[in-house]
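No lab work stands behind these numbers, since they all come straight from the coordinates. This one's a predicted model, so the numbers in the text were calculated from it and none came from an experiment. Cβ atoms come from the backbone with ideal geometry, glycine included; neighbour counts cover every protein chain shown.
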Amino acid sequence: MKTLFAASCGLIMIAGTAAAGPLQAAAATKPAVRPVVIEMFLSQACKSSPPAAVTLRDLAGRRDVVALAYHVPYWDELPSHKSGAWADPFAREAFAERQKRYNKRIRRTDMVYTPQAVIDGVFDATGSKRDMLDARITEAQVLDEHARPAPPLLKVARGDKIRVQIDGVGAPYDAFAVTFRPQALTEVESGDNAGAVFDEINVVTAVATLTQGAEGAQSLAFEAPPAGEDCAVLVQERGQGRIVAARYCSPR
């Protein structure tokens, strides 16, 4: 399949179709109590990504947000005219595939871009636009409140293992353990961001499936992340649909 790269960092097309506009929601409705998940797809090789890393850091300070940074590798192979290429040390092909699945469902296109924020698996926004992200968070909260009278139960307890309890989802669901580095400092030596320092939070290093297509209550356990890393648990409608519950593994 032929791949078409945009002239500058931002958009990659893989035989796509036109994007669908985001849903609009009334802002006056009371927000839901569970945290909204922001999945930020970005790259240290993309010149538009540094502001998105700053935006995600700011959003991570909100108690009603679970913020996660997924680095994607598709910009690594494109050298800068001045400084060569840069291989993002946190980029994983699996994260690019996750982003592609979101775009096929949310935007009805095979096009992907950075920086892109996906909110609760149902909305997307340009990752550096804080006002747009705040609006999408509110939309996700409103949607969540209207979708069910109460959020599903998700309990996460950290000990020798991470133990998870899930109940009340009301539909088939998948659950994921997302491992991340709470802090990551990278000096970029080449590429479009040569000389820049990425001072990031919650940089994802791995995503593991805990259960797939589950129905009803589940009690799960998995190994705690290694020293220097933390994790979050995401409960998502089957097939990488809407995120219905999320928690960090460590208290915030």
query: Each label point is 7 Å from the Cα along the Cα-to-Cβ direction; what then is the distance between the points at residue 148 and residue 105, in nm?
result: 1.5 nm
query: If the chain between residue 250 and residue 194 were fully stretched, how many nm would it gain, using 0.36 nm times the residue separation less the Cα-Cα distance?
result: 16.7 nm
field: Of 114, 150, 173, farthest towards positive along the dipole that unit charges on Lys, Arg, Asp, Glu beta carbons give the chain
entry: 150
message: What is the sum of charges, Lys and Arg at +1 and Asp and Glu at -1, for the other residues whose Cβ falls under 11 Å from the Cβ of residue 220?
response: +3
message: Give the separation of the Cα centroids, region 218-252 to region 59-107, in Å.
response: 19 Å
query: Could you give the dipole magnitude of the chain about its Cα centre, charging the beta-carbon of Lys and Arg +1 and that of Asp and Glu -1, in debye to the nearest 20?
result: 560 debye
field: Label point distance in nm, residue 94-residue 58, each placed 7 Å from Cα along Cα→Cβ
entry: 3.2 nm
field: Most positive-pole-ward Cα, 60, 203, 123, against dipole of region 33-248 from beta carbon charges
entry: 123
task: Describe numerically, in nm with one decimal, the distance between label points set 7 Å from Cα along Cα→Cβ at residue 227 and at residue 211.
output: 3.3 nm
query: For the chain: lysine pairs with Cα atoms under 20 Å, gap of 8 or more or different chains, count?
result: 4
- prompt: Could the peptides 69-79, 157-167, 190-200 be put in order, highest first, of the mean number of other beta-carbon atoms found within 10 Å of their residues?
  reply: 69-79, 190-200, 157-167
query: For region 237-245, in order, what is each residue's ³J(HN,Hα) by Karplus, 6.51 cos²θ - 1.76 cosθ + 1.60 with θ = phi - 60°, in whole Hz (x at glycine and Pro)?
result: 3, 3, x, 6, x, 5, 7, 10, 7
